[in-house]
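Beneath this line is the structure, given in structure tokens, with notes to follow.
Values in this text are rule-based calculations from the coordinates and carry no lab data. The structure presented is a predicted model; accordingly, all values stated were derived computationally and were not measured. Quick reminder, even Gly has a Cβ in these numbers, built from the backbone with ideal geometry, and neighbours come from all protein chains shown.
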Amino acid sequence: MSGRAATGKLRPVSDKRTNWAGNVTFGAERFHQPAALPELQRIVSGARRARPLGSGHSFNRLADTPGDQVSVAGLPPVIEVDTASASVTVSAGLRYGQVAAALNQAGRALPNLGSLPHISVGGACATGTHGSGDRNGNLATAVSAMEMVTADGDLVTATRDGDADRFRGMVLALGALGVVTRMTLDTVPAFDVRQYVYEDLPAEAVREHFDEIMASAYSVSLFTDWRAPGIRQAWLKRRADAEDGWTPGPRWMGGTLADGPRNPVPGMPAANSTGQLGVPGPWHERLPHFRPEFTPSSGDELQSEYLLPREHAIDGLDALGAIARLLTPVLQVGEIRTIAADDLWLSPSYQRDTVAFHFTWIDDEAAVAPVLDAIEERLTPLRARPHWGKVMRMHPAAVSALYQRAGDFEDLMRGYDPAGKFRNDLLDGFFPPQR
Ligand SMILES: Cc1cc2nc3c(=O)[nH]c(=O)nc-3n(C[C@H](O)[C@H](O)[C@H](O)COP(=O)(O)OP(=O)(O)OC[C@H]3O[C@@H](n4cnc5c(N)ncnc54)[C@H](O)[C@@H]3O)c2cc1C
């Protein structure tokens with residue numbers, strides 16, 4: 001995204017700013033990156049309409065507002081590691097890559113990471129960003145406490161232990177309750193990971209052994225372009241201390257061990273990807289697919305993702321396989337991951353173990369739209385929930401109807417933001433103001 005100097009002053013945006021992908025030009029009248037908390041509080045309380053903005057990696061208008069867009073990336077960076085409570089408190093504007101490196105130096109790790117280290121902690125948690133792993137929840141499930149500036153400029157804190165149910169509605173809140181300034185995250189002892197890539201797993205092996213494949217490593221990602229049945233690349237991220245006796249043979253599940261490093265996106269350089277070939281490396285240099293110093297993914301792209309109950313994994317594969325000829329002309333790469341169930345009200349994995357079907361599209365919204373319609377027609381009966389931060393076509397009211405606690409979330413919105421300062425068109429669609 002185009003960077004702007006840190007400023008706490010209200011000033012008009014002279015140039016157009018966009019999200020990372022460039023498919024959304026923000027309509028915000030003003031952009032702020034205050035350098036101190038009181039300045040942030042003043043900006044938020046003085047704004048008529050406002051939205052928090054993270055690192056801008058979402059593909060829709062969730063972070064947009066006609067009023068004041070506010071980034072917390074300019075606040076003093078905080079990374080306080082507390083080994084006794086197995087936690088780290090970080091400023092919400094920091095990116096996972098920054099947090100992870102410091103944490104690893106202190107001998108600690110986050111339980112999981114998304115596919116790229118470039119995203120901000122506040123933005124990723126607000127949308128339920130996830131990595132993969134049967135036993136790994138999305139990134140927001142690691143949050144045990146948070147601090148947030150609410151519509152009237154007050155600083156409120158909430159904790160997982162102290163605020164029980166309400167907290168589960170606050171962590172993954174789409175920026176609808178306030179501007180999060182700090183989050184406390186669970187940590188585990190630092191661990192090493194060995195990454196292996198197997199190529200060309202036949203469709204029958206994937207169908208018959210899906211659960212075994214997804215359970216074969218701490219985090220597993222299956223990449224397909226849907227051009228041929230089967231999986232083009234299976235990325236196994238195995239803990240180096242795993243004691244299950246598994247050894248990487250030249251063949252596995254009908255696939256072949258890659259003989260060199262790979263990039264999951266066809267045509268992109270392998271050097272952009274994290275270390276492979278079983279070379280052990282620290283968790284934060286293996287769990288993401290992409291290295292922090294390079295452009296993640298392809299750069300010229302749109303993304304969508306649908307999260308299904310885990311038991312529908314094969315139904316989902318079949319449903320998408322049946323429309324492969326629609327997908328392939330507009331698809332760069334597809335990825336299949338698993339996520340553990342959680343209790344966060346707006347989590348796409350709310351109370352269900354999950355399989356996620358991700359699509360990295362070409363950068364052409366008009367061409368992708370009818371394909372999304374076809375996907376949604378086939379995955380909706382399988383109770384698919386779209387990723388909050390990616391391109392979707394479903395009617396917004398149909399999206400919130402997929403969440404049992406949507407009504408409770410609307411109550412939280414009314415409580416924290418009675419005048420609707422943090423609302424925008426997309427949020428109004430999901431959670432109509434007059435219900
Ligand atoms: C190349 C690429 C790879 C991706 N890989 C994955 C992946 O592996 N897994 C996955 O699940 N997703 C993935 N995503 C999607 C991405 O993780 C989400 O869109 C995420 O929200 C991006 O975080 P951000 O900081 O850029 O948030 P933004 O896009 O800036 O904002 C997203 C939302 O968070 C809110 N928000 C931001 N900061 C705050 C704050 N401080 N307080 C309150 N609310 C806030 C905004 O208001 C907005 O509603 C990927 C995206 C890209 C571009």
Helix-only [θ]222 nm of the chain, DSSP H runs n ≥ 4, -39500 (n - 2.57) each, per residue, nearest 500
-6000 deg cm²/dmol
Fully extended contour minus Cα-Cα distance, from residue 419 to residue 203, at 0.36 nm per residue:
72.5 nm
log₁₀ I(q)/I(0) of region 90-234 at q = 0.12 Å⁻¹, via Debye over equal Cα point scatterers, no solvent, to two decimals?
-0.60
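Round to the nearest 0.05 the FRET efficiency obtained for residue 256 and residue 393 when R0 = 51 Å and r is the Cβ-Cβ distance.
Working: r = 37 Å, r/R0 = 0.73.
The formula returns an efficiency of 0.85 here.
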Size-normalised alpha-carbon gyration radius of the chain, reference 2.2 N^0.38 Å:
0.94
From the convex hull of the Cα coordinates of region 19-168, what is the mean projected area in square nanometres?
9.6
Using a ≥ b ≥ c from the Cα gyration tensor of region 97-171 (square roots of the eigenvalues), is it rounded, prolate or oblate, where a/c under 1.5 gives rounded and otherwise the larger of a/b and b/c decides, a/b for prolate?
prolate
Could you tell me which of 224, 44, 280 has its Cα farthest along the dipole of the chain towards the positive end, charges placed at Cβ (Lys, Arg +1; Asp, Glu -1), taken about the Cα centre?
44
Estimated D of region 166-216 in µm² per second, where Rh is the Kirkwood radius over Cα pairs and Stokes-Einstein applies at 37 °C, 0.692 mPa s:
207
Step by step: find N for region 338-417, compute 2.2 N^0.38 Å, then divide the Cα radius of gyration by it. What's the final number?
1.22
So what's the angle, to the nearest 10 degrees on a 0 to 90 scale, between helix 365-379 and the longest Cα principal axis of the chain?
70
About the Cα centre, and with charges only on the beta carbon of Lys, Arg (+1) and Asp, Glu (-1), how big is the dipole of the chain? Nearest 20 debye, please.
940
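What net charge is computed for the residues neighbouring residue 345, neighbours being all others with C-beta under 14 Å from the C-beta of residue 345, Lys and Arg scored +1, Asp and Glu -1?
Once all neighbours under 14 Å are counted, the net charge is -1.
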Length added when fully stretched, residue 247-residue 383, from 0.36 nm per residue minus Cα-Cα:
45.3 nm
When you take every Cα atom in region 218-337, what is the radius of gyration, and what is Dmax, the widest Cα pair distance, in Å?
15.3, 43
Highest to lowest packing among 305-311, 84-90, scored as the average C-beta count within 10 Å
305-311, 84-90
